[in-house]
Amino acid sequence: MQVLGCKIAMTIETFDSSRGQLWARVLGIGAAVFLGLVFLVAAWGKALDPVLFVEQIRAERLDFFGLAEAAAFMALGLEIALGLALVTGLRRWWVLAPTAALVAFFLFLTGRAYWRFEHGLIDETEACGCFGNLLNRTPKEAFWQDLWLLVVPLGLSLVGRGNEAAFPKRRLMLIGALTAAALVFAWKAPSLPLDDLATRLKPGVAVSELCAGSDENPAQLCLDALVSDLNDGKNWVVLSDLEEPTFLAAVPQLNEWSTSQSEVGLWILTAASAEAVSTFQWTQAPAFAVQEAPYAMLRPLYRRLPRSFLVEGGEVTKTVSSLPPTQF
């Protein structure tokens with residue numbers, strides 16, 4: 001009986017140990033999959049608008065030797081490959097080590113922006129665009145969100161790692177193929193009709209939701225406050241640089257249309273300086289309204305200029321990835 005009791009106790013202990021190892025493995029895999037999904041969502045935002053990602057690399061002074069485009073695609077490829085590896089359950093050291101390095105790099109960028117914001121060196125609109133235009137985050141929000149979204153799952157992904165002897169050849173081939181396909185998509189994305197998906201400007205959005213600054217900031221500026229006329233009636237709004245060739249060539253046509261009717265308003269929003277606006281008004285004599293707007297408000301609304309949208313009663317009803325159609 002004593003021997004039987006010892007065997008039962010050993011069996012229960014072994015079962016409890018196995019169950020504990022199983023839960024640890026499930027926790028580790030779940031954390032790795034979550035972290036991989038965060039990487040992939042962030043990569044998706046960058047792939048939709050790689051030009052914006054290149055601009056951010058230049059703004060962060062990471063374009064070593066002036067190769068901003070190459071740096072952008074290398075970083076995007078690394079983020080996609082690591083995300084796919086984690087989602088497919090790969091937790092080898094040669095996956096987790098570069099993942100930890102990438103997480104540390106992201107935290108460095110958001111932490112530096114947060115420190116600069118706290119010391120008054122930048123404003124709250126200059127946060128890391130890690131998710132492209134998908135998220136509007138202040139430097140403070142970006143740092144703390146990344147800390148929880150990246151560091152915590154990274155630590156948990158180390159839990160319950162086993163000794164995987166077999167080399168995951170098939171998974172690596174799949175990851176390589178999907179990463180290459182994603183990079184080709186990012187390369188072609190600027191010429192694809194994805195503006196409504198890649199930006200915050202799309203039909204159904206209220207102009208009161210298109211803002212510069214966070215909701216908690218009393219100095220937040222929204223489009224309905226900047227151009228109050230958009231709250232009533234029908235208005236076409238054109239986002240453009242005042243020196244953009246396509247826009248300049250269309251000024252006579254826009255003038256003619258603006259003076260020939262009064263049913264639909266026409267507004268040009270630009271991030272150009274007051275001096276540039278004054279020069280444009282003197283040299284082009286526009287018959288339409290030209291309104292300066294903060295770059296932080298306009299940049300999330302387009303991938304390339306010019307871009308136009310129709311506002312009816314304060315709501316965007318149509319977007320055009322160029323100038324408005326001839327028949328407004």
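Only residues that are farther than 22 Å from LEU323 by Cα and assigned to a strand (DSSP E or B): list them for segment 198-210, please.
Result: no residue meets the conditions.
Return the total of residues in segment 64-101 being acidic (Asp, Glu) and either surrounded by 20 or more Cβ atoms within 10 Å (Cβ to Cβ) or at positive phi (or both).
Adding up the residues that qualify gives 1.
For segment 219-252, give me each residue that is in a helix (DSSP H, G or I), open to solvent by 50 Å² or more (accessible area, probe 1.4 Å) and either without any contact (Cβ under 8 Å) to a residue 60 or more places away in the chain or closer than 25 Å to THR279 by Cα (or both).
Across segment 219-252, the qualifying residues are ALA225, SER228, ASP229, PRO245, THR246, LEU248, ALA249, PRO252.
Within segment 166-184, is there a residue that is more than 19 Å from THR88 (Cα to Cα) and surrounded by fewer than 16 Cβ atoms within 10 Å (Cβ to Cβ)?
Yes, that holds for at least one residue.
Within segment 49-63, restricting attention to residues that are open to solvent by less than 40 Å² (accessible area, probe 1.4 Å) and hydrophobic (A, V, I, L, M, F, W, C), which residue is nearest to THR199 (Cα to Cα)?
LEU52
Looking only at strands (runs of 3 or more DSSP E) that fall completely inside segment 257-328, which ones have 2 or more residues that are charged (D, E, K, R) and open to solvent by less than 20 Å² (accessible area, probe 1.4 Å)?
none
Failed condition for PHE39, given (1) farther than 12 Å from LEU154 by Cα; (2) among the hydrophobic types (A, V, I, L, M, F, W, C); (3) modelled with pLDDT of 90 or more, with all others met?
Single failed check for PHE39: (1).
Would you mind stating whether PRO203 is closer than 28 Å to ALA47 by Cβ, in contact (Cβ under 8 Å) with a residue 60 or more places away in the chain and open to solvent by 50 Å² or more (accessible area, probe 1.4 Å)? Steps first, answer last, please.
Details: closer than 28 Å to ALA47 by Cβ: yes; in contact (Cβ under 8 Å) with a residue 60 or more places away in the chain: yes; open to solvent by 50 Å² or more (accessible area, probe 1.4 Å): yes.
Yes: the conditions hold for PRO203.
The values are calculated or read from the model by the stated rules, or taken from the named source; none is laboratory data. Keep in mind the model is a prediction, meaning the values are calculated, not measured. With ideal geometry, Cβ positions are generated from the backbone for all residues, glycine too; neighbour counts draw on all protein chains shown. Remember, those area values only see protein heavy atoms, side chains included, never the ligands or the DNA or RNA. Shrake-Rupley method; radii C 1.70, N 1.55, O 1.52, S 1.80 Å.
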